[in-house]
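> Got a structure for you, questions after.
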Amino acid sequence: MPCVPHRRVGWAARNSVIWTRPAAQWARMQTPMNSRPSSRRPPVEATNLADLYALPLLDWNNIADRLTLGVTQAPGTGGPDRHTCWLATINQDGSPHLTGVGALWVDDAFWFETGEQTRKGRNLARDPRCTLSVATDEFDLVVEGTAEQIKDPATVVQMAERWSAQGWPARVDDTSVALTADFSAPSAGPPPWVIYRLVPDRTTAIETIEPGGATQWRFDSN
(Lines give C-alpha, C1' and ligand atoms only; values in the text may rest on other atoms or scores of the structure.)
Protein backbone atom coordinates (compact mmCIF):
# COMPACT_ATOMS: atom_id res chain seq x y z
CA MET A 1 0.00 0.00 0.00
CA PRO A 2 1.41 3.42 -0.84
CA CYS A 3 2.83 5.58 1.89
CA VAL A 4 0.92 8.84 2.35
CA PRO A 5 3.46 11.38 3.66
CA HIS A 6 1.35 14.26 4.99
CA ARG A 7 2.22 14.22 8.69
CA ARG A 8 3.70 17.70 8.28
CA VAL A 9 1.19 20.29 7.09
CA GLY A 10 3.68 22.16 4.95
CA TRP A 11 4.81 18.99 3.20
CA ALA A 12 1.21 18.10 2.43
CA ALA A 13 0.46 21.51 0.97
CA ARG A 14 3.35 21.19 -1.48
CA ASN A 15 2.44 17.63 -2.49
CA SER A 16 -1.32 17.40 -2.09
CA VAL A 17 -1.94 16.67 -5.77
CA ILE A 18 0.07 13.44 -5.52
CA TRP A 19 -1.94 12.00 -2.67
CA THR A 20 -5.44 13.29 -3.30
CA ARG A 21 -7.89 10.37 -3.17
CA PRO A 22 -11.70 10.06 -3.30
CA ALA A 23 -13.26 10.02 0.16
CA ALA A 24 -14.65 6.54 -0.48
CA GLN A 25 -11.13 5.15 -0.88
CA TRP A 26 -10.06 6.63 2.44
CA ALA A 27 -13.17 5.22 4.09
CA ARG A 28 -12.32 1.72 2.88
CA MET A 29 -8.77 2.07 4.15
CA GLN A 30 -10.09 2.64 7.67
CA THR A 31 -11.43 -0.93 7.83
CA PRO A 32 -8.89 -3.15 9.61
CA MET A 33 -8.25 -6.37 7.70
CA ASN A 34 -5.65 -8.05 9.87
CA SER A 35 -6.74 -11.26 11.54
CA ARG A 36 -5.45 -12.56 14.86
CA PRO A 37 -3.23 -15.61 14.33
CA SER A 38 -4.53 -18.86 15.73
CA SER A 39 -1.18 -19.52 17.42
CA ARG A 40 0.68 -16.38 18.44
CA ARG A 41 4.47 -16.44 18.42
CA PRO A 42 5.48 -15.65 22.02
CA PRO A 43 8.64 -13.78 23.00
CA VAL A 44 11.35 -15.82 24.69
CA GLU A 45 12.71 -12.89 26.69
CA ALA A 46 11.41 -9.54 27.94
CA THR A 47 13.57 -6.72 29.32
CA ASN A 48 12.10 -3.81 31.25
CA LEU A 49 13.75 -0.65 29.91
CA ALA A 50 11.85 1.59 32.35
CA ASP A 51 12.58 -0.06 35.69
CA LEU A 52 14.59 3.05 36.55
CA TYR A 53 11.21 4.75 37.01
CA ALA A 54 9.54 1.71 38.62
CA LEU A 55 7.24 1.29 35.63
CA PRO A 56 5.79 -2.14 34.87
CA LEU A 57 6.91 -4.56 32.19
CA LEU A 58 4.67 -4.21 29.13
CA ASP A 59 2.70 -7.19 27.83
CA TRP A 60 3.56 -8.15 24.23
CA ASN A 61 0.05 -9.55 23.75
CA ASN A 62 -1.38 -6.06 24.25
CA ILE A 63 0.96 -4.69 21.57
CA ALA A 64 0.15 -7.49 19.14
CA ASP A 65 -3.59 -7.13 19.76
CA ARG A 66 -3.40 -3.41 18.92
CA LEU A 67 -1.45 -4.12 15.73
CA THR A 68 -4.06 -6.69 14.75
CA LEU A 69 -6.70 -3.93 14.82
CA GLY A 70 -4.80 -2.36 11.93
CA VAL A 71 -2.40 0.55 11.38
CA THR A 72 -3.90 2.00 8.23
CA GLN A 73 -2.78 5.26 6.64
CA ALA A 74 -6.27 6.74 6.49
CA PRO A 75 -6.52 10.11 8.30
CA GLY A 76 -7.96 9.92 11.79
CA THR A 77 -7.16 6.23 12.37
CA GLY A 78 -4.50 6.73 15.04
CA GLY A 79 -0.96 7.90 15.57
CA PRO A 80 -0.26 11.53 14.57
CA ASP A 81 -3.62 11.74 12.73
CA ARG A 82 -2.81 8.45 10.95
CA HIS A 83 -0.12 5.79 10.87
CA THR A 84 3.10 5.72 8.86
CA CYS A 85 5.54 2.83 9.01
CA TRP A 86 9.21 3.66 8.54
CA LEU A 87 11.56 1.02 7.12
CA ALA A 88 15.32 1.19 7.65
CA THR A 89 17.60 -0.90 5.43
CA ILE A 90 21.38 -1.05 5.03
CA ASN A 91 23.10 0.67 2.11
CA GLN A 92 26.06 -0.98 0.43
CA ASP A 93 28.48 1.29 2.30
CA GLY A 94 26.89 0.34 5.63
CA SER A 95 24.99 3.58 6.08
CA PRO A 96 21.26 3.45 6.91
CA HIS A 97 18.47 4.13 4.43
CA LEU A 98 15.09 5.17 5.84
CA THR A 99 11.84 5.40 3.91
CA GLY A 100 8.11 5.25 4.57
CA VAL A 101 6.18 2.13 3.58
CA GLY A 102 2.58 0.98 3.73
CA ALA A 103 2.80 -2.09 5.95
CA LEU A 104 0.19 -4.54 7.20
CA TRP A 105 0.41 -6.58 10.40
CA VAL A 106 -0.75 -10.10 9.52
CA ASP A 107 0.00 -13.39 11.31
CA ASP A 108 2.55 -11.95 13.74
CA ALA A 109 4.57 -10.17 11.05
CA PHE A 110 4.71 -6.91 9.11
CA TRP A 111 4.20 -7.18 5.34
CA PHE A 112 5.22 -4.48 2.84
CA GLU A 113 5.91 -4.18 -0.87
CA THR A 114 8.33 -2.33 -3.12
CA GLY A 115 10.00 -2.50 -6.51
CA GLU A 116 13.10 -4.67 -6.68
CA GLN A 117 15.11 -1.84 -8.23
CA THR A 118 14.32 0.72 -5.53
CA ARG A 119 17.08 1.42 -3.06
CA LYS A 120 15.32 -0.50 -0.29
CA GLY A 121 14.67 -3.36 -2.71
CA ARG A 122 18.35 -3.53 -3.72
CA ASN A 123 19.42 -3.23 -0.09
CA LEU A 124 17.17 -6.10 1.00
CA ALA A 125 18.41 -8.31 -1.84
CA ARG A 126 21.98 -7.78 -0.60
CA ASP A 127 21.27 -7.78 3.15
CA PRO A 128 17.72 -8.60 4.31
CA ARG A 129 18.25 -7.28 7.85
CA CYS A 130 16.00 -4.31 8.49
CA THR A 131 14.04 -2.34 11.07
CA LEU A 132 10.46 -1.08 10.90
CA SER A 133 8.88 1.45 13.24
CA VAL A 134 5.38 2.82 13.73
CA ALA A 135 3.67 5.15 16.22
CA THR A 136 0.14 4.55 17.48
CA ASP A 137 -1.84 6.48 20.06
CA GLU A 138 -0.96 3.83 22.65
CA PHE A 139 2.73 3.16 21.95
CA ASP A 140 5.76 3.72 19.75
CA LEU A 141 7.11 0.46 18.32
CA VAL A 142 10.37 -0.68 16.69
CA VAL A 143 10.57 -4.11 15.05
CA GLU A 144 13.92 -5.62 14.08
CA GLY A 145 14.31 -8.70 11.93
CA THR A 146 15.03 -10.15 8.50
CA ALA A 147 12.77 -9.45 5.52
CA GLU A 148 11.80 -12.44 3.39
CA GLN A 149 10.63 -11.94 -0.18
CA ILE A 150 7.36 -13.81 -0.71
CA LYS A 151 7.23 -15.97 -3.84
CA ASP A 152 4.27 -18.21 -3.04
CA PRO A 153 1.46 -17.29 -5.50
CA ALA A 154 -1.35 -18.12 -3.07
CA THR A 155 0.14 -15.85 -0.40
CA VAL A 156 0.65 -13.06 -2.92
CA VAL A 157 -3.04 -13.31 -3.87
CA GLN A 158 -4.10 -13.13 -0.23
CA MET A 159 -1.99 -10.06 0.46
CA ALA A 160 -3.19 -8.34 -2.71
CA GLU A 161 -6.75 -8.86 -1.48
CA ARG A 162 -5.90 -7.36 1.91
CA TRP A 163 -4.35 -4.22 0.41
CA SER A 164 -7.20 -3.88 -2.07
CA ALA A 165 -9.77 -4.13 0.73
CA GLN A 166 -8.06 -1.21 2.48
CA GLY A 167 -8.34 1.06 -0.54
CA TRP A 168 -5.20 0.42 -2.58
CA PRO A 169 -6.37 -1.48 -5.70
CA ALA A 170 -3.48 -3.92 -5.83
CA ARG A 171 -3.75 -6.99 -8.01
CA VAL A 172 -1.45 -9.87 -8.91
CA ASP A 173 0.47 -9.41 -12.15
CA ASP A 174 1.17 -11.98 -14.86
CA THR A 175 4.11 -13.47 -12.96
CA SER A 176 1.78 -14.57 -10.12
CA VAL A 177 4.39 -13.51 -7.55
CA ALA A 178 4.29 -9.70 -7.75
CA LEU A 179 1.75 -6.89 -7.57
CA THR A 180 0.62 -4.16 -9.90
CA ALA A 181 -1.87 -1.32 -9.54
CA ASP A 182 -2.92 1.95 -11.12
CA PHE A 183 -0.93 3.91 -8.53
CA SER A 184 1.45 3.56 -5.60
CA ALA A 185 3.94 5.70 -3.72
CA PRO A 186 6.66 7.22 -5.92
CA SER A 187 9.26 5.67 -3.60
CA ALA A 188 7.98 2.18 -4.52
CA GLY A 189 9.11 2.69 -8.11
CA PRO A 190 7.18 1.37 -11.11
CA PRO A 191 5.45 -2.02 -11.02
CA PRO A 192 5.88 -4.89 -10.55
CA TRP A 193 6.14 -4.68 -6.75
CA VAL A 194 7.32 -7.65 -4.73
CA ILE A 195 6.09 -8.48 -1.24
CA TYR A 196 8.25 -8.86 1.86
CA ARG A 197 7.43 -10.34 5.25
CA LEU A 198 9.27 -9.05 8.31
CA VAL A 199 9.01 -11.49 11.23
CA PRO A 200 10.26 -9.88 14.46
CA ASP A 201 13.50 -11.06 16.02
CA ARG A 202 13.42 -8.22 18.55
CA THR A 203 10.84 -5.55 19.28
CA THR A 204 10.88 -2.46 21.49
CA ALA A 205 7.79 -0.55 22.60
CA ILE A 206 7.38 2.66 24.57
CA GLU A 207 3.90 3.09 26.02
CA THR A 208 2.57 6.58 25.44
CA ILE A 209 -0.48 6.33 27.71
CA GLU A 210 -0.73 5.84 31.47
CA PRO A 211 0.93 4.22 33.32
CA GLY A 212 3.70 4.25 30.70
CA GLY A 213 6.61 1.90 30.34
CA ALA A 214 9.22 0.63 27.91
CA THR A 215 9.95 -3.01 27.14
CA GLN A 216 12.10 -4.94 24.71
CA TRP A 217 11.19 -8.47 23.62
CA ARG A 218 13.33 -11.09 21.92
CA PHE A 219 11.82 -13.87 19.81
CA ASP A 220 13.13 -17.19 18.57
CA SER A 221 14.72 -16.75 15.16
CA ASN A 222 13.14 -19.96 13.84
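The values are calculated or read from the model by the stated rules, or taken from the named source; none is laboratory data. Everything numeric here is computed off the predicted structure, so don't read it as measured data. Please note: Cβ atoms are built from the backbone with ideal geometry, for glycine as well, and neighbour counts cover all protein chains shown.
> If we keep just the residues of region 190-222 that are surrounded by fewer than 17 Cβ atoms within 10 Å (Cβ to Cβ) and small (Gly, Ala, Ser), which is farthest from VAL143 (Cα to Cα)?
Top of the filtered list is GLY212.
> The conditions are (1) within 25 Å of ALA135 (Cα to Cα); (2) surrounded by fewer than 16 Cβ atoms within 10 Å (Cβ to Cβ); (3) small (Gly, Ala, Ser), and SER187 fails exactly one of them. Which is it?
Evaluating SER187 over (1) within 25 Å of ALA135 (Cα to Cα); (2) surrounded by fewer than 16 Cβ atoms within 10 Å (Cβ to Cβ); (3) small (Gly, Ala, Ser) leaves (2) as the failure.
> Out of region 151-178, which residues are in contact with a helix residue (DSSP H, G or I) (Cβ under 8 Å, 6 or more places away or on another chain), farther than 21 Å from VAL71 by Cα and surrounded by 15 or more Cβ atoms within 10 Å (Cβ to Cβ)?
If the condition is that a residue be in contact with a helix residue (DSSP H, G or I) (Cβ under 8 Å, 6 or more places away or on another chain), farther than 21 Å from VAL71 by Cα and surrounded by 15 or more Cβ atoms within 10 Å (Cβ to Cβ), then VAL172, VAL177, ALA178 are the ones that fit.
> Please tell me if ASP140 is within 30 Å of LEU52 (Cα to Cα), in contact with a strand residue (DSSP E or B) (Cβ under 7 Å, 6 or more places away or on another chain), of a type in the set (Asp, Glu) and surrounded by fewer than 21 Cβ atoms within 10 Å (Cβ to Cβ). Outline the logic, then answer.
Values: within 30 Å of LEU52 (Cα to Cα): yes; in contact with a strand residue (DSSP E or B) (Cβ under 7 Å, 6 or more places away or on another chain): yes; of a type in the set (Asp, Glu): yes; surrounded by fewer than 21 Cβ atoms within 10 Å (Cβ to Cβ): yes.
In short, yes.
> If you don't mind, another one. Could you figure out which of (1) assigned to a loop (DSSP other than H, G, I, E, B); (2) at pLDDT 95 or above; (3) crowded, with 22+ Cβ neighbours inside 10 Å; (4) of a type outside the set (Asp, Glu) isn't true of THR89?
Every listed condition holds for THR89 apart from (1).
> Condition (residue is within 20 Å of THR72 (Cα to Cα) and touching a Ser or Thr at 6+ places or on another chain (Cβ under 6 Å)) applied to region 113-120: is it met by at least one residue?
Within region 113-120 (the criterion being within 20 Å of THR72 (Cα to Cα) and touching a Ser or Thr at 6+ places or on another chain (Cβ under 6 Å)), the answer is no, since none of the residues qualifies.
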